[in-house]
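Here's the structure, in structure tokens; my notes come after.
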Amino acid sequence: MILSNANEKINRYNQLCVHYNLVADGVYKARSSRNDLFSIDYFPYIVVALISFDLGRMVGEGRKTKYDINKRGFAWKLYNKLQCIKPSIIHLTKIMLCDINFF
């Protein structure tokens, strides 16, 4: 069962995956100082988080296409898609995950 030995599993994860926590802390810190999570100045944090959380293989080759929205690669596609869906999901940026009732 996924919840059995939860404390042990969390401690092990924190030992082996410290890089995820470091990236997440940076993203959370950047998020707390920005009002618009769809802005161009927050966007690099989204890209770095996706790549750091092992989605790098999905975003294509080359540093410039991954990070630079002017190179018409992954970053450009993602930024444009976020701008398109912003009106539909902006309300979600005001909700805390811990406040959602999933049942």
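The values are calculated or read from the model by the stated rules, or taken from the named source; none is laboratory data. As the structure is a prediction and not an experimental result, all values here were calculated from the model. As a convention, Cβ positions derive from the backbone with ideal geometry for all residues, glycine included, and neighbour counts pool all protein chains shown.
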For the range 51-75, how many residues are over 16 Å from the mean Cα position of the chain (by Cα) and either modelled with pLDDT of 80 or more or under 25 Å from Tyr28 (Cβ atoms) (or both)?
7
Those residues of the range 84-103 which are surrounded by 10 or more Cβ atoms within 10 Å (Cβ to Cβ) and either among the hydroxyl-bearing types (Ser, Thr, Tyr) or under 18 Å from Ala49 (Cα atoms) (or both), in sequence order
Thr93
Among the numbered conditions (1) part of a helix (DSSP H, G or I); (2) of a type in the set (Val, Ile, Thr); (3) more than 25 Å from Cys84 (Cβ to Cβ), tell me where Ile2 comes up short.
(1)
